[in-house]
1. Looking at the stretch 114-126 only, could you name the residues that are over 25 Å from Ala242 (Cβ atoms) and touching a helix residue (DSSP H, G or I) at 6+ places or on another chain (Cβ under 9 Å)?
2. How many residues are in a helix (DSSP H, G or I), closer than 17 Å to Ala210 by Cβ and hydrophobic (A, V, I, L, M, F, W, C) when one looks only at the stretch 73-84?
3. What residue, of Phe82, Phe16, Phe33, Phe43, is surrounded by fewer than 17 Cβ atoms within 10 Å (Cβ to Cβ), aromatic (Phe, Trp, Tyr) and in contact (Cβ under 8 Å) with a residue 40 or more places away in the chain?
4. Name every residue in the stretch 270-314 that is over 17 Å from Val160 (Cβ atoms) and either of a type in the set (Gly, Ala, Ser) or touching a strand residue (DSSP E or B) at 6+ places or on another chain (Cβ under 8 Å) (or both), in order of residue number.
5. Any idea which of Ser70, Ser89, Ser139 is polar (S, T, N, Q), in contact with a Phe, Trp or Tyr (Cβ under 6 Å, 6 or more places away or on another chain) and in a helix (DSSP H, G or I)?
6. Take the residues in the stretch 387-411 that are modelled with pLDDT under 90 and of a type in the set (Gly, Ala, Ser); name whichever of them is nearest to Arg433 (Cα to Cα).
7. If a residue has to be aliphatic (A, V, I, L, M) and either assigned to a loop (DSSP other than H, G, I, E, B) or crowded, with 22+ Cβ neighbours inside 10 Å (or both) to count, how many in the stretch 300-317 make the cut?
Amino acid sequence: MNRTTGPRSQRSILLFWAPLAATWIMMASEGPFLAAIIARLPFPTFNLAAYGVAFALAILIEAPVIMLMSAATSVVKDRESFIKLRNFSRALCLGTTVILLVVLIPAIYERLIVSLMGVPREIADLTYGALWFLLPWPSAIGYRRFLQGVLIRSGRTKLVAYGTVIRLFAMVAAALVGFFVLGIPGAWVGGLSLATGVTTEAIAARFMAASTVRSILAGGLDSGDAREITYWEIAKFYYPLALTSLIGLTVQPMLTFFMGRSISPVESLAVFPVVHSLSFFFRSLGLAFQDVAIALIGDRFEHLHALRRFAIGLGVTTSAALALVAFTPPLSNLYFRDVSGLSPVLAGFALTPTRLIVVLPALSVLLSLQRAILLVGRRTHHITVASAVEVGTVAITFVSLGWGLNFVGATAAFAAFVAGRITSTAYLSWGCRGVVTSHGSTRINPSPEGRTE
């Protein structure tokens, strides 16, 4: 039975979104927690930088599986679509693991990280060990995202949150073992903790989704929706999504490359994961909204207006909360010095980039709504184009600020990130108007707040 039908009040949207938001918040808390652990271990600057580089590479390599949750939420309706998307996801998981293994071949790693990216030797050596710990990461991420998409499609969002609780406890346990028992470098503690958390969550998702999977195999989620689907159709639908993730996730490795050749490279690489984790914490609330919108918007976008109202409130609230941290000295000192454990010098490097990114949470909510519209409307190529526009804007902006105007690397990086996100959402606003109009139920126009309606 599909539990995503029915009217869309603000309360019903909130209740559907809340467990997913809790899931994303818990995932977002991983970054600050691990950064705080690493900052309290020996050689924190080098290890924070190495953890940031390893995480950036791991995220890039897992890019093809990132959208499996949204794909499952959108595609899985019956036995055939479930089995074929499951097989498709297994192939993606295997492929991403092989890619990471290839990167870990010493000759290839040396050429990529040291020669091409210009990562300092001390950081590169620590990064190599962290990536070995992260070897299970891509497959575990892909497997659990596929199953979580199935759970979201069936309306069982609370189980997704429960799985993330399990992940968080496993990650914390691994971090504490690494901190107190193993005596390994901080960057390796970060890799061990992340891999342990997502692997445990993937195993938990398998058991939590068991009854839902049995229901799908028996009769499907939506009565009357049984239909033929081919692997070619799945690939055609998913290819733009995977390409979107691949393009979008090149931003962090690209900025790592740029920062390594800018002013204050070590300090910039060290504060980047700390500031990025803080940003991600607030942006995660908007990222959770994407799958909510896919599930609730309706085949003819009949519930778009209610979702847009919810998105406006969510975007304003999350950006305002980040602004409080960025512009209130007691809160910024509390986070960067006391929670994250940064030295006064590194905390100073982190403050300006944080103030530049206060609009990102609101933009993340807008982007989630736009992507949901395009996914439901089967116009995923717009998402790919927008990601390419974003990456291009990021590169041009960083080169102009970091290399042209000699901005500190971290400051130029986050300024470029904001500029790229603004251009991509501007492009998607145009694409969304055409999709909704073609479906003939709801008009979509820019609102005074710059959001889509």
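The values are calculated or read from the model by the stated rules, or taken from the named source; none is laboratory data. Computed from a prediction, not measured in an experiment: that's the story for all the values here. Neighbour counts are summed over all protein chains in view; Cβ atoms, including those assigned to glycine, are modelled from backbone coordinates with ideal geometry.
1. Selection gives Val114, Gly118, Val119, Pro120, Arg121, Glu122, Ile123, Ala124, Asp125, Leu126.
2. Here the count works out to 2.
3. That would be Phe43, the only listed residue that is surrounded by fewer than 17 Cβ atoms within 10 Å (Cβ to Cβ), aromatic (Phe, Trp, Tyr) and in contact (Cβ under 8 Å) with a residue 40 or more places away in the chain.
4. Residues satisfying the conditions are Ala270, Ser277, Ser279, Gly298, Ala306, Arg308, Ala311, Gly313.
5. Ser89
6. Among those that are modelled with pLDDT under 90 and of a type in the set (Gly, Ala, Ser), it is Ser387.
7. The total comes to 4.
Quick grid of which residues meet (1) closer than 18 Å to Ala35 by Cβ; (2) outside any helix (DSSP H, G or I); (3) not hydrophobic (A, V, I, L, M, F, W, C):
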{"site": "Leu159", "(1), (2), (3)": "no, no, no"}
{"site": "Tyr162", "(1), (2), (3)": "no, no, yes"}
{"site": "Ile166", "(1), (2), (3)": "no, no, no"}
{"site": "Ala174", "(1), (2), (3)": "yes, no, no"}
{"site": "Trp188", "(1), (2), (3)": "yes, no, no"}
{"site": "Thr199", "(1), (2), (3)": "no, no, yes"}
{"site": "Thr212", "(1), (2), (3)": "no, no, yes"}
{"site": "Leu217", "(1), (2), (3)": "no, no, no"}
